[in-house]
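Worksheet for the structure shown next.
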Amino acid sequence: MKIGISVTSAYRTDQIRDGAAQMVLRTRTAAEAGLDSLFVGDHHVTPSPYYQNSPIMGRLLAEWDERAAGALYLLPLWNPVLVAEQVATLACIAEGPFVLQCGLGRDENQFNAMGASIKYRPSSFEQSLATLRALWRGESVSLDGRWTFQDAKISPLPPEKIEVWIGASAPVAIERAARLGDAWLAEPAITPPQAKLAFNLYQDALAKHSRKNTQTVAIRRDIYVAESDQQARALRSKIEQSGYRGFNPEALIIGDAASVAASFQAIADIGFTDIIVRNLHSDGDEAIASTERLSLVREKLGLVN
């Protein structure tokens, strides 16, 4: 089992440097806690500060080492040549492997603002991914499809293969991940029983497309590692009363280190190899404390640095 982190990129603050500084601090804490991978997300035209993936990851890599790192790109929103160049550059900065997490995106406001059509998300995604891989191989690419360009070729090339994790939740999207991805990334909103059903669907799709089982099958989980069981119960009660991102509370992992370790082990028992955590606590100090306690979770799971 590997435990990674997706560092929150959204911060409600009037002191706009504070959000970026918080991301640096959270990354440093994750590195010290021994986490296996580092990621950031992708969102656009937000009403409050959201620190964009390419530049912020360049800064965060200064706090990281040879462990895996990566960023999410909602491919239908991006010119694929630009993504190919930015990811290749980040891969050159990274000391270890770089991962492209990617997905369709679902917020129509983003698509309108970025000049993209939400109607053509699936075909845009597939054309973009094929283009990225060709460009990373050093090929010259022309495209007359969802984007139109001629004789695109990038430099620098990635120093090693970019692994592609495809985020997917709907059955057709999970099948696309099995057909095209190096790994599937399950969304954080699904409950453990739903995760098991989706995992089985992914395995069936791999067999359907005559693809070998991928080495990585990842899932995102929104978590809080509490100092005590009492603190965990108080937070869970508060979230159940107020709601959290429209999630079923059973999809959230809230508990002391032993409880969180047990929840992680249950996910691993389904067959997931990587758990990518995201801090659910809105308070920065609490998010840092939760990340620090992940070192205790790793110890209880028998994971060593």
Query raised in the report: Can you tell me which of Asp42, Asp18, Asp65 is over 24 Å from Arg293 (Cβ atoms) and among the charged types (D, E, K, R)?
Result: Asp42
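Between Arg236, Arg211, which is among the charged types (D, E, K, R), over 24 Å from Ser282 (Cβ atoms) and modelled with pLDDT under 95? So that I can check it myself, show each step before the final result.
Numbers: Arg236 fails: over 24 Å from Ser282 (Cβ atoms).
When all the criteria are applied, what remains is Arg211.
Considering only residues that are among the polar types (S, T, N, Q) and assigned to a helix (DSSP H, G or I), look in the range 179-223 and name the one that is surrounded by the fewest Cβ atoms within 10 Å (Cβ to Cβ).
Asn200
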Query raised in the report: Any residue in the range 151-168 that is aliphatic (A, V, I, L, M), assigned to a helix (DSSP H, G or I) and in contact with a strand residue (DSSP E or B) (Cβ under 9 Å, 6 or more places away or on another chain)?
Result: no
Query raised in the report: Hey, among Arg17, Arg28, which residue is surrounded by 16 or more Cβ atoms within 10 Å (Cβ to Cβ) and farther than 26 Å from Gly105 by Cβ?
Result: Arg28
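Quick check on this structure: which one of Ala262, Ala266, Ala289, Ala258 is modelled with pLDDT of 95 or more, surrounded by fewer than 21 Cβ atoms within 10 Å (Cβ to Cβ), assigned to a helix (DSSP H, G or I) and touching a Pro at 6+ places or on another chain (Cβ under 7 Å)?
It is Ala266.
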Requested in this report: Working only within the range 224-255, note down all residues that are closer than 30 Å to Tyr202 by Cα, aliphatic (A, V, I, L, M) and either surrounded by fewer than 17 Cβ atoms within 10 Å (Cβ to Cβ) or in contact with a Lys or Arg (Cβ under 7 Å, 6 or more places away or on another chain) (or both).
Outcome: Val225, Ile253, Ile254
Report task. Could you list, in sequence order, all residues of the range 79-118 that are charged (D, E, K, R) and under 17 Å from Lys153 (Cβ atoms)? Result -> Glu85
**Report entry** Residue list for the range 76-126, restricted to those being polar (S, T, N, Q) and more than 20 Å from Leu185 (Cα to Cα)
**Finding:** Asn79, Gln86, Thr89, Asn109, Gln110, Asn112, Ser117
**Report entry** Pairs where the first residue, in the range 158-185, is on the phi > 0 side of the Ramachandran plot and the second is of a type in the set (Val, Ile, Thr), C-beta under 6 Å, 6+ apart
**Finding:** none
Report task. Quick one: Glu108 ticks every box in (1) at pLDDT below 95; (2) touching a Pro at 6+ places or on another chain (Cβ under 7 Å) except a single one, so which number is it? Result -> (2)
Report summary line: Scanning the range 31-53 for residues that are within 15 Å of the chain's Cα centre (by Cα) and part of a helix (DSSP H, G or I) gives Asn53
**Report entry** Within the range 60-76, tally of residues that are within 17 Å of the chain's Cα centre (by Cα), over 15 Å from Leu35 (Cβ atoms) and free of Cβ contacts under 8 Å to residues at least 40 places away in the same chain
**Finding:** 3
Query raised in the report: Does the range 46-68 include one or more residues that are surrounded by 22 or more Cβ atoms within 10 Å (Cβ to Cβ), β-branched (Val, Ile, Thr), within 22 Å of Val277 (Cα to Cα) and in contact with a strand residue (DSSP E or B) (Cβ under 7 Å, 6 or more places away or on another chain)?
Result: no
Query - Inter-residue pairs, beta-carbon under 8 Å, first free of Cβ contacts under 8 Å to residues at least 40 places away in the same chain and in the range 218-238, second of a type outside the set (S, T, N, Q) and outside any strand (DSSP E or B), 6+ apart - result: Ser228/Asp256; Asp229/Asp256; Gln231/Asp256; Ala232/Ala226; Ala232/Asp256; Arg236/Pro249; Arg236/Leu252
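The values are calculated or read from the model by the stated rules, or taken from the named source; none is laboratory data. Keep in mind it's a predicted model, so treat the numbers as computed, not measured. All Cβ positions, glycine included, derive from the backbone under ideal geometry; neighbour counts span all protein chains shown.
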